[in-house]
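Here's the structure, in structure tokens; my notes come after.
The values are calculated or read from the model by the stated rules, or taken from the named source; none is laboratory data. On a predicted model such as this, the values are computed, not experimentally measured, just so you know. When we count neighbours, we look across all protein chains shown, and the Cβ atoms used for this are built from the backbone with ideal geometry, even at glycine. Each accessible area value is taken on the protein alone, full model and side chains, heavy atoms only, with ligands, DNA and RNA left out. Shrake-Rupley method; radii C 1.70, N 1.55, O 1.52, S 1.80 Å.
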Amino acid sequence: MYKAVVFDFDGTIIDTEKHLYEIINKHLTHHQVEPVTLEFYRSHIGGHAQGLHDYLETEIGKDNKQKIYDEHNQTSHELEMIETIAKLMAYLKQRHIPMAIATSSYKKDILPTVQKLGLDEYIDVIVGREDVEAVKPDPELYLTAVQQLNYSPAHCLAIEDSANGATGATNAGLDVIINTNEMTEAQDFSSIPYVGKDLNYDEIISRFFEKDKE
């Protein structure tokens, strides 16, 4: 059984990926700019997304780009937690298994949503973009999270939705479950040695936390 679990945030705990995609295209349409395609958006999930940021700044300007992310951050708390993750967090808390978030987003941007969803009652450590030199697929976010949890990576499980995130987790030495969403399901995970993919709550518990009880 794992001693700690590290969660990605966007697209893993709540489906912010689709939420952001829709807000981006709403703003682009408002500025009479062609909406971005799903393929283009999906290619920038799980890391710096520099190409997406550069495109938005070129098309609508830096200030208008910032309005997109402000709206996204201010409304993400309205989204429902993904059911599998909500149930898993409750299970882990009941069994005193510590949890962390390792996100390529700025911590300051997700904290309002973390607090409004009550996640601060479950999460012991949050590591964001401002805490590291490099984000996913670099392993630094995960290495920093497990260091703050005071556990070896080999004793920690990561939950991710994207190829970049899963790569960062495995390169840091964690086992990773990849639970995709509408925005990440088409990504190529063939080179990633994940331990599970698109698992529901019961499958995660039986395979990774109560296996010895069988």
Return the FRET efficiency for the residue pair residue 1, residue 121: r is the Cβ-Cβ distance, R0 is 22 Å, and the value is rounded to the nearest 0.05. 0.50
Out of residues 5 or more away from residue 197 or on other chains, whose amide H comes under 5 Å of its own, with H placed 1.01 Å from N in the peptide plane? 178
Pick out, from 134, 75, 32, the residue whose Cα sits farthest towards the positive end of the charge dipole of the chain, with +1 on the Cβ of Lys and Arg and -1 on the Cβ of Asp and Glu. 134
Quick one: pull the percent of accessible area on the chain belonging to carbon and sulfur, 1.4 Å probe, ligands and nucleic acids left out. 45 percent
Across 177, 14, 97, the residue with the highest GNM fluctuation in the chain (Cα network, 10 Å cutoff) is 97
Tell me, what ³J(HN,Hα) does each residue in segment 160-165 have, in order and in whole Hz, if you take phi through Karplus 6.51 cos²θ - 1.76 cosθ + 1.60 with θ = phi - 60° and put x for Gly and Pro? 9, 10, 10, 5, 4, x
Checking segment 1-100 for trypsin sites (Lys or Arg not before Pro) in a loop per DSSP with at most 10 other beta-carbon atoms within 10 Å yields 95
Once the other residues with Cβ under 10 Å from the Cβ of residue 201 are scored (Lys, Arg +1; Asp, Glu -1), what is the net sum? -2
Take every DSSP beta bridge whose two residues both sit in segment 1-154, then give the antiparallel share in percent to the nearest 5. 10 percent
Quick check of the Kirkwood formula: for segment 16-77, what is the inverse mean of 1/r over all pairs of different Cα atoms, in Å? 11.6 Å
For the charge dipole of the chain, defined by +1 on Lys and Arg C-beta atoms and -1 on Asp and Glu C-beta atoms about the Cα centroid, which residue among 96, 86, 146 has the Cα displaced farthest towards the positive pole? 96
Using only the Cα atoms of segment 49-101, build the gyration tensor, take square roots of its eigenvalues as a ≥ b ≥ c, and label the shape rounded, prolate or oblate: rounded if a/c is under 1.5, else prolate if a/b is larger than b/c, else oblate. prolate
Keeping every protein chain in place, order 76, 152, 43, 191 by accessible area at 1.4 Å, biggest value first, i.e. largest first. 191, 43, 152, 76
Amide H contacts of residue 101 (H built 1.01 Å from N, under 5 Å, at least 5 apart or other chain): 7, 125, 126, 127
Simple SL model, points at 7 angstrom along Cα→Cβ for residue 148 and residue 38; separation in nm is 3.5 nm
Phi angles of segment 64-78, converted by Karplus (6.51 cos²θ - 1.76 cosθ + 1.60, θ = phi - 60°) into ³J(HN,Hα) in whole Hz with x for Gly and Pro, give 5, 4, 4, 4, 4, 6, 5, 4, 4, 5, 7, 10, 4, 5, 6
Per DSSP H run of at least 4 residues, take -39500 (n - 2.57); add these up for the chain, divide by its residues and hand me the 222 nm value, nearest 500 deg cm²/dmol. -13000 deg cm²/dmol
Treating only the Cβ of Lys, Arg, Asp and Glu as charged (+1, +1, -1, -1), what charge dipole size does segment 16-77 show about its Cα centre? Round to the nearest 20 debye. 100 debye
Of all GluC sites (Glu not before Pro) in segment 113-204, which ones are in loop regions per DSSP and have a Cβ with at most 15 other Cβ atoms within 10 Å? 133, 182, 185
